[in-house]
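*Asks:* Have a look at this one before I ask anything.
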Amino acid sequence: MSNCPCGSGQILEACCGLYHAGTPAPTAEALMRSRYTAFTLGNGAYLAKTLSTQQRSDFNIEEFEASAANTKWQGLDIRQTSDGGEKDETGTVEFVAKYREGTQQAIHHELAMFKREEGNWVFADCQMNPKGEQRVVEKVGRNDPCPCGSGKKHKKCCGA
């Protein structure tokens, strides 16, 4: 018995192995973790099965299996999840996965989108290298009203 590659700390058979054997994943995150584990194990059939109908037409199991032989997955870090619970219809999981392809180290950062089809969670789409909301800082001019609300000019108040 070995630990599950998804990083849950459980043994494979009691974790993602259940989903690979046919038990539906209860949440979007559970599906995400089981898909990562399928990548580590080279389980193309599971990856194809857990794609949305639209995504499935673009997936080639033979191509996946050929590339999987040269890829060594080294860890999964779930950054955040949104929705994707047992009663939700959609959800997102942001994650970073580390891997080595041949001698090249790489990082895969993705915001994965999941939805339910026929009651089961499936991978629907993704955004690669998602960026957080950009923070905009407005510079206060010397002669602008002070943002503290005093009614004075910035240069005579907080800008002094």
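The values are calculated or read from the model by the stated rules, or taken from the named source; none is laboratory data. Quick caveat: nothing in here was measured; it's all calculated off a predicted structure. Cβ coordinates were reconstructed from backbone atoms using ideal geometry, including for glycine residues, and neighbour counts include every protein chain displayed. The accessibility values were calculated without ligands, DNA or RNA, using every heavy atom of the protein model including side chains. Shrake-Rupley method; radii C 1.70, N 1.55, O 1.52, S 1.80 Å.
*Asks:* Sort L47, L18 by heavy-atom solvent-accessible area, probe 1.4 angstrom, most to least.
*Replies:* Largest accessible area first, the list is L18, L47.
*Asks:* Keeping all protein chains in position, work out how much accessible area K156 exposes to a 1.4 Å probe, and write it in Å² to the nearest 10.
*Replies:* My reading of the accessible area for K156 is about 140 Å².
*Asks:* Taking square-rooted eigenvalues a ≥ b ≥ c of the alpha carbon gyration tensor, is segment 33-115 rounded, prolate or oblate, where a/c under 1.5 means rounded and, failing that, a/b exceeding b/c means prolate?
*Replies:* oblate
*Asks:* Along the three principal axes, how long is segment 1-64 when you take its alpha carbons, biggest first, rounded to the nearest angstrom?
*Replies:* 33, 23, 17
*Asks:* For a quick check of understanding: with a 1.4 angstrom probe and all protein chains in place, what accessible area in square angstrom does H109 have, to the nearest ten?
*Replies:* Counting only protein heavy atoms, H109 exposes about 40 Å² to solvent.
*Asks:* Heavy atoms only, probe 1.4 Å: what % of the accessible area of segment 1-149 goes to carbon and sulfur, would you let me know?
*Replies:* Of all accessible area on segment 1-149, carbon and sulfur atoms account for 46 percent.
*Asks:* Can you give me the solvent accessible area of I61 with a 1.4 Å probe, rounded to the nearest 10 Å²?
*Replies:* Here the residue's solvent-accessible area equals roughly 50 Å².
*Asks:* Using the Cα centre as the reference, give the magnitude of the dipole from point charges on the C-beta atoms of the chain (Lys, Arg: +1; Asp, Glu: -1; all else neutral), rounded to the nearest 20 debye.
*Replies:* Computed about the Cα centre, the dipole is about 1320 debye.
*Asks:* Helix 28-41: angle to the longest alpha-carbon principal axis of the chain, degrees 0 to 90, nearest 10?
*Replies:* That works out to roughly 50 degrees.
*Asks:* Accessible area per residue for the chain in Å², computed with a 1.4 Å probe and the full protein assembly in place, what is it?
*Replies:* Per-residue accessible area for the chain comes out at 64 Å².
*Asks:* Now for a different question. What is the Cα centroid distance between segment 37-55 and segment 105-160, reported in whole angstrom?
*Replies:* Computed from Cα coordinates, the inter-centre distance equals 33 Å.
*Asks:* Lysine pairs in the chain with alpha-carbon atoms under 26 Å apart, 8 or more places apart or on different chains: how many are there?
*Replies:* 14
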